[in-house]
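What follows is a single structure, written as structure tokens, with notes after it.
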Amino acid sequence: MIRIGQSNDTHRLEEGYKLIIGAVSIPHYKGSVGHSDGDCLLHTVCESLIGALSLGDLGKLFPDTSVKFKGIESSLLVKKVMSEVKNKGYRVLNIDSTIFLERPKLQEYIMEMRQNIAVLLEIELEFVSVKATTGEGIGIVGKEEAIVTESVVLVTND
Ligand SMILES: [Zn+2]
């Protein structure tokens with residue numbers, strides 16, 4: 001069986017926080033506010049997988065997210081979700097993600113993000129897509145108030 005999952009995540013951008021996207025630390029005057037390391041992209045990687053297998057959401061899978069997982073690297077959350085995926089006999093076929101961020105330009109970081117996600121999901125690079133777009137100067141993205149990410153994933157138990 002093939003199953004699909006999707007996820008959308010938003011984090012506030014503020015000065016004094018790190019900007020970590022897809023496990024890549026990006027120099028910028030503003031960073032992503034949130035639980036763990038604020039890695040908005042890896043959060044949608046996690047929650048799209050959780051959605052594909054109807055596991056609830058991150059909070060349901062890890063009830064103590066607010067305490068135990070505060071400050072945790074999001075890549076560790078992905079690993080935990082992947083162990084659930086494998087426990088259920090599934091593997092990832094491909095994933096397609098989009099990052100909505102006004103600044104900085106992300107082009108030079110995209111390959112490293114794809115490589116990080118490929119390793120975490122145990123698939124080849126060609127099956128990992130990461131795209132970046134801006135908010136055209138309007139809305140929460142365009143005004144640099146937030147980073148938004150979306151992911152869609154396919155898993156199979158064949
Ligand atoms: Zn998040």
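The values are calculated or read from the model by the stated rules, or taken from the named source; none is laboratory data. Being a predicted model, the structure only gives us computed values, none of them experimental. Counting neighbours? That spans all protein chains shown, and the Cβs are built from the backbone with ideal geometry, glycine included.
Side notes on the structure shown:
- Which numbered condition THR134 fails, given (1) in contact (Cβ under 8 Å) with a residue 12 or more places away in the chain; (2) in contact with a helix residue (DSSP H, G or I) (Cβ under 8 Å, 6 or more places away or on another chain); (3) farther than 18 Å from TYR29 by Cα: (3)
- Residue count, the range 1-40 (criterion: more than 20 Å from LEU55 (Cα to Cα) and in contact with a strand residue (DSSP E or B) (Cβ under 8 Å, 6 or more places away or on another chain)): 23
- Wholly within the range 1-94, helices (runs of 4 or more DSSP H) carrying at least 3 residues that are surrounded by fewer than 18 Cβ atoms within 10 Å (Cβ to Cβ) and within 14 Å of the ligand (Cβ to nearest atom): none
- Screening GLU102, GLU144, GLU136, GLU112 for residues that are outside any helix (DSSP H, G or I), in contact with a strand residue (DSSP E or B) (Cβ under 8 Å, 6 or more places away or on another chain) and farther than 20 Å from ILE2 by Cα leaves exactly one candidate, GLU144.
- Figure legend. Inter-residue proximity from the range 70-85: first residues on the phi > 0 side of the Ramachandran plot, second residues at pLDDT 95 or above and assigned to a loop (DSSP other than H, G, I, E, B), beta-carbon distance below 7 Å, spacing 6+ or different chains. No pairs are indicated.
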